[in-house]
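Reviewing the structure listed below.
Any read-out appearing in this document is the output of simple, stated calculations on the displayed coordinates, not a laboratory observation. In this text, all values refer to a predicted model and were calculated from it rather than measured experimentally. Because the Cβ atoms are built from the backbone with ideal geometry, glycine has one as well, and the counts that use them run over all protein chains shown.
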Amino acid sequence: MAGFMCDLVKPYVEKLVDKAIGEARYVFCYTCIVKEFEDERDTLEPSKTALEERVQVAKRKDKDIAAKVDIWQKNVDKLFKLDTKNKQTCFFKFCPNCIWRYKEGKKLVKNLELIKQLKEEEENRLVDIELPCRLPGVEQHSSENYISFKSRELKYKEILDALKDDNNYIIGLQGMGGTGKTTLAMEVGKELKQSKQFSLVIDTTVSFTPNVKKIQDEIAGPLGLKWEDCTESDRSTKLWSRLTQGEKILLIMDDVWEQKPPFDFDPIGIPKRDNRKGCTVLVTSRSKQVLIQMKCDKIIELDLLSEEEAWIMFKRCASISSSSANDLIGYGRLIVKECKQLPIAIAITASSLMGKHVDKWKGTLQSFRKIGSMHGVDDDLVGIYKSLQVSYENMMDEKAKGLFLICSLFREDEKIHIEVLTRLCIGAGVFEVDNSSYDEVRNKVSVAKHTLINSCMLFPVDEAHVKMHDLVRDVAQWIANREIQCVNLSDKNQKLLLGKEKNVKYLLCEGKVVDFLSCDDSLQSLSLSDSIQRLTNIRSMFFDTVDLGDISILGNLQSLETLDMVKCTISELPRGDEDYFSKETFKYCIQTAEGLHLTRINKWRNLMPDIVPINLGMNDLVELILKCDSKLQCLIDTKQIGFQVPNVFSKLVVLKLKEMEGLEELCNA
C-alpha cells in the first residue's frame with residue numbers, strides 16, 4: 001500500500017521540485033540569465049539597424065510604413081532600453097536582493113522568448129514594409145485667409161447640416177465667380193473630416209473643360225488607389241469599386257460649368273444615387289441650371305458680401321484699422337464700393353494698396369472712375385475686371401506684370417511649376433538673362449511670384465507650384481488683349497489664327513493631340529505639322545503629355561530659346577541636316593545644361609559616354625535629377641576608354657536619383 005502511494009505522489013513531487021528549481025534559477029543564476037539576454041539582444045542589432053535604414057528609404061520615397069513594422073521597432077527599442085547593469089542589494093549592500101533578482105530574472109526570461117519571436121517575425125513578416133502612400137485630401141488647404149462673416153456662417157451651417165443628412169446625395173453650392181464658393185466648401189470639408197463625420201474628404205477641380213483622367217487621379221490619390229495593370233477604360237470601374245466599399249467619403253467637385261452634354265459622373269467612376277454606399281458629393285458652380293440638371297438634393301446660394309462685411313475684409317487685406325489716417329479710411333470706403341462687394345475684387349485691390357502712400361489710394365480711386373464701359377465684359381463681372389485692371393496698372397514691378405500674363409497662359413485651375421515659369425520667362429524675355437545664370441533668373445521669378453501672391457493675383461499650392469483663380473485668368477487675358485491668344489484647335493476658325501495673327505506674344509493651344517499634329521490617318525506615328533514653321537519668332541515652347549513623333553522640324557525655329565517636353569513621347573531623334581534639331585543638337589543641350597531633369601527616358605545605359613563624350617565632362621551641370629529610368633546602369637562608364645579620366649561634373653551641387661531600377665553604380669570603372 002505504501003509503495004502504491006509513493007508511485008502516486010512521485011510525479012507531483014518531481015513537478016514541484018522542478019518548478020522550485022526553475023523558480024530558484026531566477027535568483028541563483030541571475031548573472032547567467034543577464035548575459036544570455038544581452039547576447040541574444042545584441043543579435044537583434046543588425047536587423048534593427050537594417051530595418052531603420054529601409055524605413056528611412058521608404059519615407060524618402062514618400063511611402064507609408066506598415067503598422068507591423070512600427071510595432072516590431074517599438075518592441076525592439078524597449079528591449080534595448082532595459083538596464084541590465086543595475087543591481088539591488090540588501091543588508092548594507094553585503095547581500096544581493098533576492099526578491100528583486102527573482103522578479104527581474106523572470107522578466108528577462110520572458111524577454112528572451114520575445115527576442116525569439118521578433119527574430120521569426122523579422123525573417124517572415126517584415127519583407128515588405130512599404131504601403132502605398134495616400135495623398136492628402138481637403139486638409140491640405142489653408143484656412144489662413146478665411147474670414148468667418150455672419151452671412152458666411154449661416155451658409156456654412158446650412159451646407160454642414162445638408163451633408164450630415166444621410167438622405168442627401170448631391171448638395172449644390174451656387175454663386176458668381178469670386179464669391180468664395182471654393183473657400184467655403186473646403187472649410188466645410190475640413191470640419192467634416194476633423195469631426196469624423198466622413199472618413200475621407202477629397203476635392204477635385206472640374207473646370208470649363210473637364211479632364212476625366214486628371215479628375216480620376218485627384219480622387220484616387222487620397223484613396224491610396226493605384227492604376228497598375230489597369231487600362232484607361234477600366235479606370236472608372238476601379239474607382240467606382242473603391243468608392244462603393246461602404247466607407248463614408250465626401251467628394252467636393254469644384255467649379256462645374258454648363259456644357260453639352262451635361263457633366264456626367266459615369267465616365268469618372270463616381271457612383272450614382274442608387275448605389276452610392278456612403279459616398280456623398282458637394283458640387284460648386286456659377287450656374288444654378290447646372291445644379292438643377294445634376295438633380296441636387298439641396299441647392300445653397302452664396303451671395304455677395306454685405307457692405308459692412310466688404311469693408312471689414314478690405315481693412316484686413318489692406319492692413320488698416322479704425323486708428324489709421326482719416327484720408328486712408330475715406331478713400332478706402334470709396335474704393336471698396338467700386339469692388340461691388342465681391343470678395344476676390346476686394347482682396348486684390350486692398351492687397352495692392354497695403355503699405356502705400358495716400359496718394360496711391362487717391363490715384364486708385366481715380367483710375368476706377370476713369371474706366372468707362374468694358375467691351376465684352378458681363379455687367380456682373382465689371383467690378384472684378386476693373387479691380388484687376390487697376391491693380392495691374394498700379395503695379396510698379398514690370399517683371400511681375402510679365403509673369404502675371406504668362407501665368408494666364410496655363411489651363412484653367414492648373415498647378416504651375418516655378419521651374420516651368422522660369423524657362424518661359426527666359427524665352428519670353430521677361431527678365432534680362434544676358435549675364436545671368438539660370439539660378440539667378442529663377443530667384444528673380446520667385447521674387448515676382450511672391451509679389452503676385454501678396455497681391456492675391458496668384459495663390460500658392462506648395463513651395464514649387466502656384467495657381468491662378470479662373471476669374472483672374474480671364475481678366476489677365478482680357479488685359480493682354482491680342483498679345484495673348486487661346487486657341488481651341490478643334491475649332492477650325494480659331495485654328496486659322498495660328499497663321500494669320502501677327503501680334504501674338506503668348507499662345508495657348510487646347511484640344512486633342514491630333515488637332516495640333518499631322519492628321520494623315522495612314523501615318524503610324526504623328527509628326528509636328530509644317531504649319532508650325534510660321535511661328536518664326538517663337539522663343540519658348542511647352543508641351544505636356546503629347547506624342548510628338550519626329551521633332552526635327554523644331555530645328556527650323558531659329559528664335560527658340562527654351563523647350564519643355566513633359567510626359568511627351570518622341571521617336572528616334574533624326575540625323576538630319578545641321579539646321580535640324582538633330583541627335584547631336586540634343587546631346588549638345590545635355591552637355592551644356594546647367595540644370596538637367598530626365599524622367600522615364602529608358603534609352604541609354606549611361607550619361608557618359610553614351611550621350612556626352614567623357615572628355616567633355618558635363619562640367620556646366622549644377623543640378624542633375626534622374627527619375628524612373630530602368631535602363632540606365634551608371635552615370636559614367638570608363639571601362640572602355642584608354643586614357644586618364646578628366647574632371648567630370650565639376651560644378652555639380654545637386655544630385656537626385658529616384659526609382660532608378662537599373663542603376664548599379666555611379667561610376668563603372
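Structure notes:
- Remark on residue 461: its backbone amide H falls under 5 Å from those of 466, 467, a criterion applied only to residues 5 or more positions apart or on other chains, H modelled at 1.01 Å from N.
- Annotation: the residues 230, 634, sorted from fewest to most other C-beta atoms within 10 Å of their own C-beta, follow the order 230, 634.
- Maximal additional length on extending the residue 396-residue 39 stretch stands at 121.3 nm, based on 0.36 nm per residue less the C-alpha distance.
- At R0 = 22 Å, FRET efficiency that the Cβ-Cβ distance of residue 354 and residue 465 yields, to 0.05: 0.35
- Greater than 21 Å apart at Cα, pairs in 181/213; 340/401; 213/260; 74/107; 337/386; 164/415: 181/213; 340/401; 164/415
- Förster-model FRET efficiency, 41 Å R0, residue 259 and residue 312, C-beta, rounded to 0.05: 0.65
- Taking Cβ atoms as reference points and 13 Å as the exclusive limit, the residues near residue 668 contribute a net charge of -2, counting Lys and Arg as +1 and Asp and Glu as -1.
- Nonlocal amide H pairs with residue 176, under 5 Å, H built at 1.01 Å: none
- Pairwise label distance in nanometres, residue 542 with residue 657, each label 7 Å out on the Cα-Cβ vector: 3.1 nm
- Length gained when the stretch residue 297-residue 563 is fully extended (0.36 nm per residue, less Cα-Cα span): 90.9 nm
- R0 of 45 Å, Cβ-Cβ distance residue 227-residue 98: FRET efficiency to nearest 0.05: 0.10
- In order through segment 466-476: 3J(HN,Hα) via Karplus (6.51 cos²θ - 1.76 cosθ + 1.60), integer Hz, x for Gly, Pro: 10, 9, 10, 4, 4, 6, 5, 4, 4, 5, 4
- Relative exposure of 38, 623, judged by other C-beta atoms within 10 Å (fewest first): 38, 623
- Residue-span extension gain [residue 604 to residue 75] - 0.36 nm each, minus C-alpha spacing: 185.9 nm
- Considering only 388, 438, 355, and ranking their Cα positions along the charge dipole of segment 337-444 that arises from unit charges at the beta-carbon of Lys, Arg, Asp and Glu, the one farthest toward the positive end is 355.
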